[in-house]
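A short worksheet on the structure shown next.
The values are calculated or read from the model by the stated rules, or taken from the named source; none is laboratory data. Just so it is clear, the model here is predicted, and its values are computed rather than measured. Cβ coordinates were reconstructed from backbone atoms using ideal geometry, including for glycine residues, and neighbour counts include every protein chain displayed. In case anyone asks, the SASA skips ligands and DNA or RNA and just uses the protein heavy atoms, side chains included. Shrake-Rupley method; radii C 1.70, N 1.55, O 1.52, S 1.80 Å.
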Amino acid sequence: MTSGPTDERDPAVADRLAELRGSIDNLDAALVHLLAERFKLTRAVGELKARTGMPAADPGREERQIARLRALADDAHLDPAFAEQFLTFIVAEVVRHHEAIARRHR
Ligand SMILES: O=C(O)C(=O)C[C@]1(C(=O)O)C=C[C@@H](O)C=C1
């Protein structure tokens, strides 16, 4: 017999789905905590940069981070383009925070 859309009513399938979703929820929580820690560190960097008059963004550093993350993603069988987009998205938010901190220091 082939499996079909009714399989999710099968208790074994429902249990397995709940188990997988439980682990996904744990990892999502870990990601939120990791991001919160990263933003604590970047806030300190933003304050240091504002205090010393350094520019918010460092394109050279970003280039190196992207190259490193792409290689790590490749090793981990994660799409390197996705890893790059993810980092770029986070760093754009960090730069926005740095700029807001710098405005407050003026
Ligand atoms: O390392 C820095 O200089 C930072 O400001 C941190 C960070 C990052 O989020 O990793 C953010 C902005 C820079 O363009 C590069 C890196």
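Could you size up the charge dipole of the chain around its Cα centre, putting +1 on the beta carbon of Lys and Arg and -1 on that of Asp and Glu, and report it in debye to the nearest 20?
Its charge dipole is roughly 1020 debye.
Tell me the per residue accessible area of the chain using a 1.4 Å probe; a whole number in Å² is fine.
Normalised by residue count, the accessible surface of the chain is 80 Å².
Rounded if a/c is under 1.5, else prolate if a/b beats b/c, else oblate: with a ≥ b ≥ c from the C-alpha gyration tensor eigenvalues square-rooted, which is the chain?
prolate
Could you please report the charge total around Arg51, scoring K, R as +1 and D, E as -1 over all other residues with beta-carbon less than 15 angstrom from its beta-carbon?
Its environment carries a net charge of +3.
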